[in-house]
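I have placed the structure first, in the form of structure tokens, so that the comments after it can refer back to it.
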Amino acid sequence: MSAKVVIVIILFAAAVGGAVTLALQEGGIEYRTVPDLTSGKYSGERVKVKAQVVAVQNQFKPTKFTCIDIPPEGATAPANPEVVQVIYEGDDVPANLKKAAHVTMEGRFDAKRGAFIATVLQTQCPSRYEGKELTTANEADPAP
């Protein structure tokens, strides 16, 4: 093998290794459910959560709202879903953050405060969930 081929192979291997390392460091956040958060198993651990907003207490900084888990496709929502308080202190509050909106959040559950502290907050496009509201979301009594 010529020296040029060896150098290209080494550079390629280094680039692939660097990309894998970066992906593991940045993209290693796993999705959890609201019951996972409230169980305390992931307290302080950085996670992502998909949930449905039950009530919005404050639209201004810090944004506070409560949400419940979204059951898997085809499954029925539990009669008494677990509710989690969310505190988002970011500047960019999605305009369509309202009751029944589906949100994807990234952050940590703070067991001491009893709330999920979100650092990233996104709402899904309303066309994805309108007409598919969970019956329990409208009836849930959010915790204060």
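The values are calculated or read from the model by the stated rules, or taken from the named source; none is laboratory data. Fair warning: this is a prediction, and the values are worked out from it, not measured in the lab. Reconstructed Cβ throughout: ideal geometry from the backbone, glycine too, with neighbour counts over all protein chains shown.
Worth a mention:
- When the stretch 41-56 is filtered for residues that are touching a residue at least 24 places away in the same chain (Cβ under 8 Å), on the phi < 0 side of the Ramachandran plot and of a type outside the set (Ser, Thr, Tyr), the ones remaining, listed by number, are GLU45, ARG46, VAL47, LYS48, VAL49, LYS50, ALA51, GLN52, VAL53, VAL54, ALA55, VAL56.
- Annotation: THR135 fulfils all but one of (1) at pLDDT 80 or above; (2) among the polar types (S, T, N, Q); (3) surrounded by fewer than 17 Cβ atoms within 10 Å (Cβ to Cβ); the unmet one is (1).
Matching residues to (1) loosely packed, with under 12 Cβ neighbours inside 10 Å; (2) touching a helix residue (DSSP H, G or I) at 6+ places or on another chain (Cβ under 6 Å); (3) closer than 13 Å to PHE116 by Cβ:
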residue	(1), (2), (3)
PRO62	no, no, yes
PHE65	no, no, yes
ASP69	no, yes, yes
ASP92	yes, no, no
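- Number of positions in the stretch 72-105 that are of a type outside the set (Lys, Arg) and over 18 Å from PRO35 (Cβ atoms): 14
- Listed here are the strands (runs of 3 or more DSSP E) enclosed by the stretch 41-91 that have at least 3 residues being assigned by TED's automatic domain parsing to the domain that holds GLN124 and aliphatic (A, V, I, L, M): 46-58, 83-88.
- Enumeration of residues in the stretch 32-46 that are β-branched (Val, Ile, Thr) and over 14 Å from ALA115 (Cβ atoms): THR33
- Scanning the stretch 94-121 for residues that are under 15 Å from CYS67 (Cβ atoms) and surrounded by fewer than 14 Cβ atoms within 10 Å (Cβ to Cβ), we see that the one that is modelled with the lowest pLDDT is ASN96.
- Residues that are of a type in the set (Gly, Ala, Ser) and on the phi < 0 side of the Ramachandran plot, drawn from the stretch 108-126: ALA111, ALA115, ALA118
- Qualifying residue in the stretch 24-31 (condition: among the aromatic types (Phe, Trp, Tyr) and within 24 Å of ARG108 (Cα to Cα)): yes
Conditions (1) touching a Pro at 6+ places or on another chain (Cβ under 9 Å); (2) surrounded by 11 or more Cβ atoms within 10 Å (Cβ to Cβ), marked per residue:
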residue	(1), (2)
VAL6	no, no
ALA15	no, no
ALA19	no, no
PRO35	yes, yes
VAL53	no, yes
GLN57	yes, yes
GLU73	no, no
